[in-house]
Every structure is written in structure tokens, then in C-alpha cells.
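Below: the structure, in C-alpha cells.
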Amino acid sequence: MIKIIKIDEDSRVPKYKQIVDSILTNIANGNLKINQKIPSINSFSEEFYMSRDTVEKAYNILKERKIISSIRGKGYYITRTKLVSKVNVLFLYNKLSSYKMATYNAFVNAIGANAHTDLQIYHCDETLFLNLLDKYEGAYDYYIITTHFKTEDLKHLSFTDEVVNAINKIPKEKLIIMDNIKLGMDSSVTKIYQDFENDIYNALKEGLEKIKAYKRLILVYPEKAVYPYPRRILHGFRKFCAEFEINYEILHEVYDDIVLKKGDLFITIEESDLVNLVKQIKSEKLKLGKDIGVISYNDTPLKELLGITVMSTDFKVMGETAARMILNKEIGQVKVPFNFINRKSI
């Protein structure tokens, strides 16, 4: 532990307070866990060349706050991870994106100043996810977790038995599952979720009148992506097209020399496909929203500025809901609104 404690000799902050703050920071970061032994007062004072009284004062403060405890003949141990009056929250996200950050920022703003929130990214990698959960076990008051993984052939996977077993180690009252209602856990676990299949189905149904003005509906669903998308999006899309007898096609990307025909309506999921498509529409001198229609999945401020029609979860509401449930100690399962937002591109 000596290696992770930071003491600034030039700081005007008293040494005992630096000790307290450094230990609290390392608890929040997961470097120190419950039941982990920490150095004795003598060892600490010798290592940092400071008086025993200074270290003892810091340890007494931590003991009063029940952060550490002493066992006669054995030493000092971390006993809890609550940092003073603050609620400590870990966000465990599968990827960074503008809409994921919209949720995170909405949460941080809504939870207020009496909370400390850390963000960790596992890049849809199951091994990294499991390692992070193990590292931060017991270090936080709440864990907000998304479960989106990729297989070896880059297909989407909601969870595995190992993932469920790891998550089950977190007390239910400390756990919020975000995004994924399909995770195999009982109904007592709090979930703030998207329903990928029914969300796209209902959104397209909302825009049915506009959609029927086009000859063919084309979904660009990345078959193999670094961050795979739930296949339930495909199921909902096919269900809509079958029910309303829509002529449709599914592509895996917007090709650089894609064949564009008047009356096509595209649904893009990835930003790169949206950009490539709009560029080619313009280069072919076709009119966006008249000759060719475009709907994008997941809203961003830039899409709003450019007038791109979207189908999107309300990511701000998702973050605010998580904050409210923590502040009010609520439990339950909340479906986040998913909206069809009509703009100029169809």
C-alpha cells in the first residue's frame, strides 16, 4: 500500500489530511478493498519520514469514520468503502459514445455533489469486464452496469454464465443493470432498460405514414463490428416490415459505391455509415428527404443540428432515472422512452 499513497511535501495541506484523503481516494479507485490490511502506524511513519503522531491522527480520523478498524495483535484493516458522506458509484460501460456519455453526464448532474462517480470501459470484452468487477468488488456503494459483449466472430452477446455469477456477488440493493432487460437475473434486481426489439418496431410504426412514401426500406446493420449491436434490432425490424408489407433489404455496411435509387429509405446505426451515405447522396445530386430518405439510430446533438430523422432512446432520462432511484432508494424495473423524432431527412 505504501506505493499508492501520495504525500506532497510541498503542499500546504496538513500531512495527516493528505494521508486520510489518499486512503479514501484509493478505496474509491478500487486499489484498497474491504478486509485488506494496511501498514502499521510505525511502518507508515518510517516509510514517509513523518512523526508517529501525524500518522496516528490520520488513522484515528479514519477509525472514527469507520473506514478502518484495528485488531489487537494483527494490525489495521479496511472495513468499509463509504467515503464520508458521499455515495460512491461505479459506472461500468461497454463502450464510449456520445449517447453513452449523455447518460453518464445526466446521471452525474442529477446525483449531485454528494456523490463520487467513476467510469470504467470494458470494450465489450468479457475477460476485461470480469477483471474489473473483481478489482472493484466491495469498493462502491452502487454499481451501474451495462452488459454487451462480443463473441470471437464479433456477434453480440448479452451475457454468459460467468458474467451472471460475477454480478450475483454484488448485493442486489447496490446493483443497477442498465440497457439490457435480457440479463438472466431475477425480478428483484433493479433494471433501467431498452427493449431493442419492440423499441425499433414501435418507432417505425410511429413513422409508418412517412415510411410508406418510399419504395424500399433498407436497414444497415453491421454484421461484424468492434462493438456489436443486439440482434433484437433485426428481429424488430423484420417484424415491422412483415406486418405492414414493407419491401425491405438488410445491408451490413454502406459501401463506397453503393447503388442508390430514388425511393430508397435507409436506416443507419453506425455514425460512419451515416456520414458515408449522406456524402454519396450529395455526390449523386440526389435530394435528401425527397429522393432518398435517411433515419439514424440513436440521437446526438449533431444529428439534431443537421436535421437527421432519428429513432432513439432518451439517454438523458436513462441517467436521471438511475440517479433518482439511488437518491430515493427505489427498486424496480423501468423501461426508458424510445422515440421516433421526425426531421428533414425523410
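The values are calculated or read from the model by the stated rules, or taken from the named source; none is laboratory data. In this text, all values refer to a predicted model and were calculated from it rather than measured experimentally. No Cβ is skipped: glycine too gets one built from the backbone with ideal geometry, and neighbour counts run over all protein chains shown. SASA here: full protein model, heavy atoms, side chains in, ligands and nucleic acids out. Shrake-Rupley method; radii C 1.70, N 1.55, O 1.52, S 1.80 Å.
Brief remarks follow.
- Shape class for the stretch 93-154, computed from the alpha carbon gyration tensor (a ≥ b ≥ c): oblate, with a/c not under 1.5 and a/b at or below b/c.
- The chain: most fluctuating residue of LYS169, LYS95, LYS74 per GNM, C-alpha cutoff 10 Å: LYS74
- Cα long-axis angle, helix 15-28 against the chain (0 to 90 degrees, to the nearest 10): 40
- For the chain, built as a Gaussian network whose Cα springs stay under 10 Å, the top-fluctuating residue of GLU249, GLU270, GLU46: GLU46
- Relative contact order of the stretch 182-331, pairs being alpha-carbon contacts under 8 Å that are 6 or more residues apart, as %: 23
- Pairwise FRET efficiency - GLU173 versus GLU137, Cβ, R0 = 22 Å, nearest 0.05: 0.90
- Length released on extending from ASP53 to ILE4, taking residue separation times 0.36 nm less the Cα-Cα span: 15.5 nm
- Mean shadow area of the chain over all directions, Cα convex hull, nm²: 21.5
- Between GLN120 and LEU260, the simple spin-label model (points 7 angstrom out along Cα→Cβ) gives 4.5 nm.
- Charging the Cβ of each Asp and Glu at -1 and of each Lys and Arg at +1, and nothing else, the dipole of the chain about its Cα centre rounds to 780 debye.
- Note on the stretch 88-209: Rg/Rh from Cα positions, Kirkwood definition for Rh, rounded to two decimals, is 0.99.
- Loop-located GluC sites (Glu not before Pro) in the stretch 81-179 whose Cβ has at most 13 other Cβ within 10 Å (DSSP): GLU152
- Integer Hz, Karplus 6.51/-1.76/1.60 couplings in order for the stretch 270-285, x for Gly and Pro: 8, 4, 4, 5, 4, 4, 4, 5, 4, 4, 6, 4, 5, 5, 7, 6
- DSSP bridge pairs, the chain: antiparallel proportion in percent, nearest 5: 25
- Computed from the C-beta positions of SER43 and ASP153, the FRET efficiency with R₀ = 51 Å rounds to 0.50.
- Modelled spin labels at LEU305 and GLU245, positioned 7 Å past Cα toward Cβ, are 4.4 nm from each other.
- The long axis of helix 232-243 is offset from the longest Cα principal axis of the chain by roughly 30 degrees.
- Label zone at GLU209, where the point sits 7 Å out along the Cα-to-Cβ direction: the stretch 304-346 residues whose backbone N lies under 16 Å: 340-344, 346
- Apportionment of accessible area to carbon and sulfur, the chain, percent (1.4 Å): 49
- GNM top mover of ILE78, ILE177, ILE258 - the chain, alpha-carbon springs below 10 Å: ILE258
- Average accessible surface for the chain: 50 Å² per residue, computed with a 1.4 Å probe over protein heavy atoms with every protein chain in place.
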